[in-house]
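The values are calculated or read from the model by the stated rules, or taken from the named source; none is laboratory data. From a predicted model like this one, the values you see are computed outputs, not experimental measurements. Here Cβ is always computed from backbone atoms with ideal geometry, including for glycine, and neighbour counts include all displayed protein chains.
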Amino acid sequence: MKNEKKFWLFALAFLIWQPVIDVLTSASLLLLNVNLTVGVIARVLFMAVIVLVLLQLSWRNRLARKYALYLIGLAVLIIVNMAMNYNVKDPYYIASELKYFNKIVYFPIVFVGFNMLYLYLKREHEPFKEKTTTYFLYASLIISAVFIVSFVTGTSMSNYSHTKIGFTGWFFAGNEIGAIMAIILPLTALYAIEQTDKLKEWRYWIPFVLLAISMQFLGTKVGYGGIVIVLIATFVTMFILYMTKERTEKVRSNMLISIILMAVLAVTTPITPVFHNMFAHLSLLNIDLDFGQKEKEYDPETGEEIPSEDDEEKPEITNDQIQNLVFSSREKYLADMKDDFADAPIGQKLFGMGFAGNYVEPGPGVGPKLIEMDFYDLFFSLGIVGFLYMMSVPLYYVVKFVLYFIRNIKETFTITNVMYGVSFILALGIGATAGHVLTAPAVSIYVAAVMALLMVREGIVKE
């Protein structure tokens, strides 16, 4: 293929432009009021080009041929799904179904595409890990700039309609940008660690701090949890390396910086939006946490504590309330979808119920709705056969990588593998609990890049 190197380098640089595309998408939706947004056009074209390049490479590359056959099989299963559900579901919204399937095939297509990309750059001795980390850093700086400028100018969009506090900058989808920032954050930490040799070089941590502040603006559990997990992972990794491999000033300095940032986060937590939002959510669930603020009364004769009326009337916190606090009502949609799947014919069980399950004719202001927990959404929409087929290739590589990592942990326990691994684990965790990762192209492209880099760099994916 002519100009193959230029193409793969351009495809890798596409990571930088994701936040810009998302801002332009918001402008398309809010200012121009058009559904065919810049994001849809750019990402569909990128996906289509990856498929065409794979097909072209398949004539001379055995791995590309395997990937092409895998994607053709996935396309066949989706066609079977749509043909079957067209005759089963009433009503059947074909535009919504097509839009949904376009979103969920994005991850497997881009994942195998990035595998081929990194294999080529590795063969050409290009510093692909360094380039990828730098591109993630650039993306984080763009996101941080958007959040800070929009907040200062008062032009940021709200992340919640009522009660809770949160801002999404100029990004339209709060859940998606929150997942993106959580996935990128470990890689800004990796950049900082690699550049910081002494404590006085703390300036390399500024991109990390800016992105963490932007994540706080969101007011979501995902944003706050992502910061906590990355800081803990950084400290633990530095500590282990210091105790086992590298008793250097570099490791000590980064370990100290991570401790300082954790302390700052702990002190500032009470003034963050997520702290307010947790109490707002508890209030909606009628959960009252007084933390023992009311003074206890004692019998003057016996000295025994007099139980207050509040103690007698205060209800116990139920399991349903805890689930609602964690999953934000997703557990209700999951229960409904399980019922639909149990009642579905065998064909739908095997090949899926399509977008949003067996939805009914919606009422005013109500439409088909996903669970927003990615693995459940993928399973119910693709069915047993479709789900296992789609996940087979990524799962095969993940299992192979984990086994390789554990067996060779003395060599594989590096700051690069750990931080990219934390990024991947955060992606899986967010996808499983809050969704909008594997079913959102704006997010799944980052997951695909992180996974592919780990697999190719450690030799799990080979030509």
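Data overview
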item	result
Residue match in region 246-268 (condition: surrounded by fewer than 22 Cβ atoms within 10 Å (Cβ to Cβ), polar (S, T, N, Q), out of contact with any strand residue (DSSP E or B) (no Cβ under 7 Å at 6 or more places or on another chain) and at pLDDT below 95)	yes
Scan of region 59-94 for residues that are within 28 Å of Asn115 (Cα to Cα) and among the polar types (S, T, N, Q), ordered by number	Asn61, Asn81
The lone exception for Thr196 - which of (1) without any contact (Cβ under 8 Å) to a residue 60 or more places away in the chain; (2) over 16 Å from the mean Cα position of the chain (by Cα) it fails	(1)
Qualifying helices (runs of 4 or more DSSP H) (wholly inside region 370-457; at least 1 residues being closer than 19 Å to Ile180 by Cα, hydroxyl-bearing (Ser, Thr, Tyr) and under 12 Å from the mean Cα position of the chain (by Cα))	415-433, 441-457
Hits in region 138-180 - residues which are in a loop (DSSP other than H, G, I, E, B) and in contact (Cβ under 8 Å) with a residue 12 or more places away in the chain	Thr155, Ser156, Asn159, Tyr160, Thr163, Lys164, Ile165, Gly166, Trp170, Phe171, Phe172, Ala173
Residue match in region 161-184 (condition: within 22 Å of Thr269 (Cβ to Cβ), surrounded by fewer than 22 Cβ atoms within 10 Å (Cβ to Cβ) and hydroxyl-bearing (Ser, Thr, Tyr))	yes
Test: residue in region 392-399 that is surrounded by fewer than 16 Cβ atoms within 10 Å (Cβ to Cβ) and within 17 Å of Ile78 (Cα to Cα)	yes
Qualifying residue in region 46-64 (condition: among the small types (Gly, Ala, Ser) and farther than 21 Å from Ala442 by Cα)	yes
Set Leu31, Leu24, Leu15, Leu54: member being touching a helix residue (DSSP H, G or I) at 6+ places or on another chain (Cβ under 6 Å) and at pLDDT below 95	Leu24
